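Let me begin by presenting the structure, written as structure tokens, before commenting on it.
Just so it is clear, none of the values below were taken in a lab; they were calculated from the coordinates. Treat the numbers as computed from the prediction; the structure is a model and nothing was measured. In this analysis, Cβ positions are derived from the backbone assuming ideal geometry, glycine residues included, and neighbour counts consider all displayed protein chains.
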Amino acid sequence: MKTQNIPMALAQRQPTRREIETPAGIMSLETPSFKDVVGKQAGQHSYPITLKPHGSSEERTMGHIGIECKKVRYLSGVLYTAAKIKHLSDDDTIAEITAFYPFREEPRLVGKGMGIAVMELLLEECKSEGFVAVYGRTTNTAMLDLLGRAGFQNIEGYYLKTI
């Protein structure tokens, strides 16, 4: 990703594990330990994405990502088969992207190449939490393009990436 016009003081600041520097400012993904939600209440868990613009001390929520954590043994059909082809065990934990709206509150940021930065943050966080893969399903062309750029493989409509 290209960085442009980042003030020198901010360019010298190293992002933390859950932050990434972008042309618009520092984006962060705020999550508890994903492992805390595995095997607990079923359904989607939503995590906010915030932006601290360059030159500002205030963070504001830009959007969110929905994640559902699952053990491979609970997958079915083609997704289970794909996981086995990728040599995942029944006890491995994977994350499903159930919602990806990083710029819901900041539509002016769409199409600026920052979606890939948010996806990279998500993948890094999942990997650090011990997940072995991430997957999602979509028909949205922008999301399909993003998943392709992030290295997800299309397996009969499921987009899977081992990490």
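Worth pointing out:
- Taking 0.36 nm per residue of separation and subtracting the Cα-Cα distance, full extension of the segment from Glu59 to His87 would add 6.0 nm.
- Of all DSSP beta bridges in segment 91-163, antiparallel share, percent nearest 5: 65 percent
- Environment charge of Ile97, counting only residues whose C-beta is closer than 11 Å and scoring Lys/Arg +1, Asp/Glu -1: 0
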